[in-house]
Amino acid sequence: MNWSAIRAIYLFEMARFFRTMAQSLISPVLSTSLYFVVFGAAIGSRIDQVEGVSYGAFIVPGLIMLTVMTQAISNASFGIYFPKFIGTIYELLSAPVNFLEIVMGYVGAAATKALFIGIIILVTSFFFVDLQIQNPMAMIAFLVLTCVSFALFGFILGIWAGNFEQLQLVPLLIVTPLVFLGGSFYSISMLPPVWQTISMFNPVVYLISGFRWAFFGLADVPIGTSLAAIALFTAACLGAVWWIFKTGWRIRQ
């Protein structure tokens, strides 16, 4: 394992993150603060509690997941797309670095950025609501797994994308709606039975449910099912990345 190559890619990507601090960090935090004001204050004043938890606190896991997923995808997809766009990816492919080391560098940096932003948002939420975490280790585990899995997905998206517009296509038109419809701001049990059944086909439901369980001990689906879902998603992404580098799809073209 070429740890020097992994470290070089990782540090390069992290340096870009800190160079664009206003866009990378301040913007997501401000957006989340607005969600707290709108949903927590305006709607929360009309909804006292959800399953025994104040509405302002109830939406915290969903808000963190919304930001973490989109940031992990965005950072990973741009990180690998830009070398493709300017042509420097061929230098990387010709270097004595295998695909696993390339993935570890780019995905590791994207996951770290998303994790950092998620923690900042979690800290920010304490200024808005009274929040207690019942299972902090489980919360960290779910957060890390989500960052890594969606960074892998973003890496695949960056290789697939043919232009900058396509980089935003999946996060805006697919991921964000799935998060909003995945129980970010409500419990699935509040929906009519037919919509509860339909929601079970939304993969994001399992992630948010498991993450919320770590906070409050409440879950729309069994915790084991949530873990199995994120493990399956991660394995699928790893398989897709392996196939991409094996075949050279969208890399050597």
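Here are some notes:
- Test: residue in segment 66-82 that is within 30 Å of F126 (Cβ to Cβ), outside any helix (DSSP H, G or I) and touching a residue at least 12 places away in the same chain (Cβ under 8 Å): no
- Within segment 83-101, residues that are under 18 Å from V241 (Cβ atoms) have Cβ atoms under 7 Å from residues that are surrounded by fewer than 15 Cβ atoms within 10 Å (Cβ to Cβ) and not aromatic (F, W, Y) in these pairs: E101/M1, counting only partners at least 6 apart in sequence or on another chain.
- Candidates A114, A109 - the one that is under 24 Å from W249 (Cα atoms), part of a helix (DSSP H, G or I) and within 18 Å of the chain's Cα centre (by Cα): A109
- The set of residues in segment 183-203 being in contact (Cβ under 8 Å) with a residue 40 or more places away in the chain and at negative phi consists of S184, F185, Y186, S187, S189, M190.
- Among the residues making up segment 222-253, a single one is part of a loop (DSSP other than H, G, I, E, B) and at pLDDT 90 or above: P222.
Residue-by-condition table, conditions (1) among the basic types (K, R); (2) more than 20 Å from the chain's Cα centre (by Cα); (3) buried (at least 18 other Cβ atoms within 10 Å of the Cβ); (4) closer than 30 Å to T32 by Cβ:
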site	(1), (2), (3), (4)
S184	no, no, yes, yes
P193	no, yes, no, no
Y206	no, no, yes, yes
G217	no, yes, no, yes
T225	no, no, no, yes
L238	no, no, no, yes
W242	no, yes, no, no
G248	no, yes, no, no
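- Condition check for V37: crowded, with 19+ Cβ neighbours inside 10 Å, among the β-branched types (V, I, T), over 30 Å from F153 (Cα atoms) and modelled with pLDDT under 90: no
- Residue that is closer than 17 Å to F185 by Cβ and small (G, A, S), where the choices are S33, S77: S33
- Screening S77 against (1) touching a Gly at 6+ places or on another chain (Cβ under 6 Å); (2) surrounded by fewer than 24 Cβ atoms within 10 Å (Cβ to Cβ); (3) hydroxyl-bearing (S, T, Y) leaves a single unmet condition, (2).
- Enumeration of residues in segment 132-146 that are surrounded by fewer than 16 Cβ atoms within 10 Å (Cβ to Cβ) and either in a loop (DSSP other than H, G, I, E, B) or not hydrophobic (A, V, I, L, M, F, W, C) (or both): Q132, I133, Q134, N135, P136
- Looking across segment 1-30, the residues that are of a type in the set (S, T, N, Q), at pLDDT below 80 and either in a helix (DSSP H, G or I) or surrounded by 14 or more Cβ atoms within 10 Å (Cβ to Cβ) (or both) come down to Q23, S24, S27.
- The residue that is surrounded by the most Cβ atoms within 10 Å (Cβ to Cβ), counting only those in segment 40-60 that are in a helix (DSSP H, G or I) and at pLDDT below 80, is G40.
The values are calculated or read from the model by the stated rules, or taken from the named source; none is laboratory data. All of these numbers come straight from a predicted model, not from anything done at the bench. All Cβ positions, glycine included, derive from the backbone under ideal geometry; neighbour counts span all protein chains shown.
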